[in-house]
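Beneath this line is the structure, given in structure tokens, with notes to follow.
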There are 2 protein chains.
Amino acid sequence: MAQITIKDVAGRAGVSPATVSRVLNHGPTVAEELRERVLAAVRELGYRPSSQARFLRTRATTLLGLIISDITNPFFTSMVRGAEDAASKAGYSVMLANTDEDLEKEQRYIEVAAAENMAGVILSPASATRTSISLLAERGIPVVTVDRRLQTAKVDRVGVNNVKAAQDAVLRLVDQGCRRIGFIAGPTEVTTAVDRLAGYRHGLRAAGLAYRRELVVRGDYRIEGGRAAAADLLRLKPRPDALFVSNNLMALGAATALREYGLRYPEDITLAVFDDMRWALGLSDAMTLISQPTYEMGRLAVELLLRRVSGEGFPPRHVVLSAVLV
Amino acid sequence: MAQITIKDVAGRAGVSPATVSRVLNHGPTVAEELRERVLAAVRELGYRPSSQARFLRTRATTLLGLIISDITNPFFTSMVRGAEDAASKAGYSVMLANTDEDLEKEQRYIEVAAAENMAGVILSPASATRTSISLLAERGIPVVTVDRRLQTAKVDRVGVNNVKAAQDAVLRLVDQGCRRIGFIAGPTEVTTAVDRLAGYRHGLRAAGLAYRRELVVRGDYRIEGGRAAAADLLRLKPRPDALFVSNNLMALGAATALREYGLRYPEDITLAVFDDMRWALGLSDAMTLISQPTYEMGRLAVELLLRRVSGEGFPPRHVVLSAVLV
């Protein structure tokens, strides 16, 4: 029997070959009835798309990968929504992967994105120095990093001015009379954590205050780490007169630790948080919050990525948005 | 020139054909140095996997799709973690898609899962009656629904006893002296919303209280909808003496509305929430919370799905876990 072609399927289903192609290649939606006719014809004839057609389908994928480090963090989920809206407008779909800050998981998802021949990948790397995107680079799949920088490859990036925003928050705490500001830092491998700690130090220097090592405790950007770090700081004698928590989930943990120590804010201790937590803490008046344009970061990252997908060439671009005090 | 085969690539790279296959098919991790040698040989020889090999690769995919309706809801993100841990243990990866309760987006992601030939799909359907998984069924890709039921297909499901848990919460409110219990319901298309409303009615009946239509306001399972619905209920005269909010995000909105009306809980009004919101509201003593085993739901859904993936046949199974009052 001769090779079954797409034309045979089209003839059997009474549709054009283009329609068959659209049905098989998940193109723009096809009327349910037509789709069923096409799929019935495919089954009846035992049609199997040729290697070439499959290759085209794979190349033409309209799938973007978004590899983030913590799906339970609202910072990322808001970014996801921005990314999805921009992708959707351009006819692309977004599949997410959650690495849990785990380099092995991250590499597995990078392999999946490469194997599935995704059109492009947005990545919030688990490590600036150990995350490798070489698998994607080899296949010409463009990458944009978001939130965090990557030092192992020169790629486009969308992030915020972490150093400046952290410095501003310290200066505001000093304005409020604080002199002994405890800082809950993030993981050493993550560039946002490095930048925010640098901002804290710059802020102290600008205010003429000494940097004291015991006032800085490192957390893991998660709730439990924030709770433990806050407890460490609250045990210090004399106690800090302010806590500056460098991400949102650690702030939830720190709020729990404060309750456990019977401390209220702002009455007993002044609080500043990197990230806008009004929705959860319900206490915006009571603390300094650094708000990041998360939705916008997702949107801009996808727009930049799609320019690469369409083949535009330009030097690696770094888009730096403003995080602001609220 | 003869067709380049996997053996040619293996010879050039000085590795076994199995290693080449593992590198190309994102199998278990291969040492970086070996991988680079293989990829260099692939490039130098211009090797392209044959249709048959590609087909096998696609069939052998170890990718599971997890299609959820709201990525900003911690209920789902905790479930995702349970699903990922179970998948990871079995050597599978999980890609997530967020439908935003939008049927068109949901269908697009179902198309992607079908086109990418994913091994299986876990779905929290946007609509019990309008979500269609026929594209997956046609290709023999198994589906497990989680949290919500689907009426358009008979598939495995993992969920909780929504009716009973909601009824128990109403009876606890009645025990606390409440007689005029306002209920913030969810979207009509979603089975959990239907079940929780039924539980509310059963609870009233069991307590000998009349069902009053004006005490039920529908929200959208999102923060803003909860805020608007709570405001509607708080404007009633006489005001309800309790609010029972049927999901977590709406409870955040309701808490904002209470603040806007200058009402404190539990002093001015009694609160019950479907979902454990201690982490955000920090007020477990002050309200009745219904805690769902979200991580466990994700884990069990993946385990059930992987039994189907491995070819096991059994009648559609419904796993119903207990949501409990805390």
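The values are calculated or read from the model by the stated rules, or taken from the named source; none is laboratory data. No experiment lies behind these values; they were computed from the predicted model shown. Note that we place each Cβ from the backbone using ideal geometry, even for glycine, and neighbour counts take in every protein chain shown. The accessibility values were calculated without ligands, DNA or RNA, using every heavy atom of the protein model including side chains. Shrake-Rupley method; radii C 1.70, N 1.55, O 1.52, S 1.80 Å.
Where a Cα-Cα gap under 24 Å defines reach, which lysines qualify for A:Lys89, not counting those fewer than 8 residues away within the same chain? Of all the lysines, those that pass the test against A:Lys89 - Cα under 24 Å, at least 8 places apart if same chain - are B:Lys105. For the range A:162-291, the Kirkwood estimate of hydrodynamic radius, built from reciprocal distances between every pair of different alpha carbons, is 14.0 Å.
Applying the Kirkwood pairwise sum to the alpha-carbon positions of chain B produces a hydrodynamic radius of 22.1 angstrom.
How high is the relative contact order of chain A, given as a whole-number percent (alpha carbon pairs under 8 Å, six or more residues apart)?
Result for chain A is 17 percent.
Between A:Asp85 and A:Asp232, the C-beta separation translates, for a Förster distance of 35 Å, into a calculated FRET efficiency of about 0.30.
Summary for A:Ala198: label point 7 Å along Cα→Cβ; distances to the equivalent points in the other copies, ascending, 5.9 nm.
What stretch of chain A, leaving out the sites themselves, is the longest with no chymotrypsin sites (Phe, Trp or Tyr not before Pro) in a DSSP loop having at most 15 other Cβ atoms within 10 Å?
Result for the longest clean stretch: A:1-210.
Across B:Gly14, B:Gly298, B:Gly177, mean-square fluctuation computed from a Gaussian network of chain B (C-alpha pairs under 10 Å connected) peaks at B:Gly14. For the protein assembly as shown, the Kirkwood hydrodynamic radius from C-alpha pairs, put into Stokes-Einstein at 4 °C and a viscosity of 1.567 mPa s, yields a diffusion coefficient of 48 µm² per second. Distances between copies of A:Arg235, taken at a point 7 Å out from Cα along the Cα→Cβ vector and listed shortest first: 5.3 nm. The angle between the Cα long axis of helix A:74-89 and the main principal axis of chain A comes to about 30°, on a 0 to 90 degree scale. Straight-line reach from A:Lys237: taking Cα to Cα under 12 Å and skipping same-chain neighbours fewer than 8 places apart, the aspartates and glutamates in range are A:Glu214.
Calculate, for the protein assembly as shown, the solvent-accessible area per residue in square angstrom, rolling a 1.4 angstrom probe over the heavy atoms of the protein chains. Please list the in-between numbers first.
Details: 26540 Å² over 652 residues.
Roughly 41 Å² per residue, with all protein chains present.
Taking the 1.4 Å solvent-accessible surface of the range A:176-279 as the whole, the part contributed by carbon and sulfur is 48%.
Rolling a 1.4 Å probe over the protein chains gives B:Ser322 an accessible area of about 70 Å².
Count the net charge of all other residues whose Cβ sits under 13 Å from the Cβ of A:Ala272, scoring Lys and Arg as +1 and Asp and Glu as -1. Taking every Cβ under 13 Å from that of A:Ala272, the sum is -3. Taking all protein chains as shown and a probe of 1.4 angstrom, A:Glu303 keeps an accessible surface of around 80 Å².
With helices as the sole contributors, the protein assembly as shown gives -14000 deg cm²/dmol at 222 nm; each DSSP H run of n ≥ 4 counts as -39500 (n - 2.57), and the sum is divided by every residue. In nanometres and ascending order, the distances from the B:Arg139 label point to those of the other copies are 1.6 (point 7 Å from Cα along Cα→Cβ). Excluding residues on the same chain fewer than 8 positions from B:Lys154, give the aspartates and glutamates whose Cα lies under 15 Å from its Cα. Hits, sequence-local ones excluded: B:Glu138.
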